[in-house]
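Here is the structure we will look at, set down as C-alpha cells.
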Amino acid sequence: MTNAITLQQKTPEGKTLISEPVFNIFQAHLQPANNLSASQAALSLANLAPKPNDGEKTLSDGFFFELWNSVIGVAEQIPHDHPAQDQLVKVMRELTLLPDTGLTVWDSPLWTSLPVLGAAIRERLNGPTYPPHPTAAQTRAVDESWVRFHAFAARLMGAGVVHSASQPVWMLRDALEQPPQEEEEEEVVADRDLAAAAMYIEYAGAVLVEAVAANPEPALGAELARLLRAGPLYGGAPGLSRERWGFWAKRFREEGGEEKGRSEEGRAVAGRAARLMEVWGETRLKG
C-alpha cells in the first residue's frame, strides 16, 4: 500500500509553506484513499481565483504567485518517487483543460497556459535557503526539498504542462560541467545538485532526448547561446545537443563510481540517470 502523505502547512517557526485553502485541497486529494478526482481538485483550485471587476478581463498576478508557491510547497514535501507527485501533476494538467474563462494574466489565457507558474519556478532556481548554522538534519531536509522541487518541475515538463528547454540544461550544467568542490563540507551539496539534475533525466528525459533527436546540433541566437553556454568541463557548443547529451551520460556514469566518494544514494541516482541516457541514446539517437 502506498504510504500516506502528511503535509505541513507551516514551519515550526510559523512561516507559511502552503496557503490554507491549497493545503486543505491537497491534504485530502493526495491520500491513497481519497475520493476527489484530479479534475475535481483542479476545479477546487480554480475556484480560489479572485473574480474580476465588472467588465475587466485581466487579473493581477499576486494571487497566482501565492497559488503556485503553495503548490510548489506541496511538491517539496513529497518524495520524488512517491505516486503523490504524479497526482499533483495530474491536477496541474487538469487545470490546463478547464474551459476558457476569457480572462488573462500577463496576456496569457487562464487557465490554459498556467500563467505566472514559470516565473514562480524560476524564482526558486537560485538555490535552496539554509537556516543559519544548520544541523545535519536541517541540511538534509533542505536538500530533499530541493530535489523534490526539481522532480516536480521535471514531471511538469514530461507531461507537457510546462515547456522549458533552458532549465534542464542549467541544472545539468551545474551538476556535471563544473569542477569538483575542494571543500569537504561541499560533498552533501554536490550530491544534492547531482540528484536534482538526475530528476530531469528521470522525469523529463524522454522529452529531452526527442528534442535532441529532432535537432541534434541546434543553431542558437546570441542570447540563447549565452544562457545555454557550456560549463568548464564540457567546453562544447551551447544548447541541448547530441554531443552534450553524450557528455552528460558519461559524467553521470563517472559520478556514480565508487572512486568519487559520493554517498550510496548519490551513486545510485547517478548510475540510473547514466543508464537511462545510454539506453535512449542507443534507441533514439542512432544514425
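Among the residues that make up region 97-114, is at least one of them in a helix (DSSP H, G or I) and not hydrophobic (A, V, I, L, M, F, W, C)? Write out each step before concluding.
Residues of region 97-114 that are in a helix (DSSP H, G or I), as a first pass: none.
Checked against the condition, which is being in a helix (DSSP H, G or I) and not hydrophobic (A, V, I, L, M, F, W, C), region 97-114 yields no hits at all.
Residue-by-condition table, conditions (1) touching a helix residue (DSSP H, G or I) at 6+ places or on another chain (Cβ under 6 Å); (2) not in a loop (DSSP other than H, G, I, E, B):
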residue: F23; (1), (2): no, yes
residue: F26; (1), (2): yes, yes
residue: Q31; (1), (2): no, no
residue: L36; (1), (2): yes, no
residue: L43; (1), (2): no, yes
residue: L48; (1), (2): yes, no
residue: D54; (1), (2): no, no
residue: F64; (1), (2): no, yes
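So, P128, is that one within 21 Å of E265 (Cα to Cα), in a loop (DSSP other than H, G, I, E, B) and modelled with pLDDT under 95 or not?
yes
List the number of the failed condition for L125; all other conditions in (1) among the hydrophobic types (A, V, I, L, M, F, W, C); (2) farther than 26 Å from G62 by Cβ; (3) touching a helix residue (DSSP H, G or I) at 6+ places or on another chain (Cβ under 9 Å) hold.
(2)
Considering only residues that are β-branched (V, I, T), surrounded by 19 or more Cβ atoms within 10 Å (Cβ to Cβ) and over 18 Å from E20 (Cα atoms), which ones fall in region 36-86?
Within region 36-86, no residue meets the criteria.
Mind listing just one residue for me: the one in region 105-115 that is buried (at least 17 other Cβ atoms within 10 Å of the Cβ) and in contact with a Leu (Cβ under 8 Å, 6 or more places away or on another chain) and, of those, farthest from I201 (Cα to Cα)? If you could, list the steps in order and put the result at the bottom.
Taking region 105-115 as the starting set, the residues that turn out to be buried (at least 17 other Cβ atoms within 10 Å of the Cβ) are 105, 110-111, 113-115.
The next check asks that each one be in contact with a Leu (Cβ under 8 Å, 6 or more places away or on another chain); those that pass are 105, 110-111, 114.
On the way: V105: 31, L110: 30, W111: 28, L114: 24 Å.
The residue in question is V105.
If you scan region 67-118, which residues turn out to be touching a Pro at 6+ places or on another chain (Cβ under 9 Å), free of Cβ contacts under 8 Å to residues at least 60 places away in the same chain and among the polar types (S, T, N, Q)?
Of everything in region 67-118, those that are touching a Pro at 6+ places or on another chain (Cβ under 9 Å), free of Cβ contacts under 8 Å to residues at least 60 places away in the same chain and among the polar types (S, T, N, Q) turn out to be S70, T101, T104, S108.
From the list G266, G281, G256, G261, which one is at pLDDT below 95 and touching a Phe, Trp or Tyr at 6+ places or on another chain (Cβ under 7 Å)?
Numbers: G266 fails: touching a Phe, Trp or Tyr at 6+ places or on another chain (Cβ under 7 Å); G256 fails: touching a Phe, Trp or Tyr at 6+ places or on another chain (Cβ under 7 Å); G261 fails: touching a Phe, Trp or Tyr at 6+ places or on another chain (Cβ under 7 Å).
Checking each option against the conditions leaves just G281.
Of the residues R93, R122, R148, which single one is surrounded by 16 or more Cβ atoms within 10 Å (Cβ to Cβ), under 12 Å from the mean Cα position of the chain (by Cα) and of a type outside the set (S, T, Y)? Full working, then the answer.
Values: R93 fails: under 12 Å from the mean Cα position of the chain (by Cα); R122 fails: surrounded by 16 or more Cβ atoms within 10 Å (Cβ to Cβ).
Within the list R93, R122, R148, the selection yields R148.
Being in contact with a Ser or Thr (Cβ under 9 Å, 6 or more places away or on another chain) and not assigned by TED's automatic domain parsing to the domain that holds I72 narrows it down to one of V147, V142, so name that one.
On the way: V147 fails: in contact with a Ser or Thr (Cβ under 9 Å, 6 or more places away or on another chain).
Just one listed residue meets the conditions, V142.
The values are calculated or read from the model by the stated rules, or taken from the named source; none is laboratory data. For clarity, every value in this text was computed on a predicted model and none was experimentally measured. Reconstructed Cβ throughout: ideal geometry from the backbone, glycine too, with neighbour counts over all protein chains shown.
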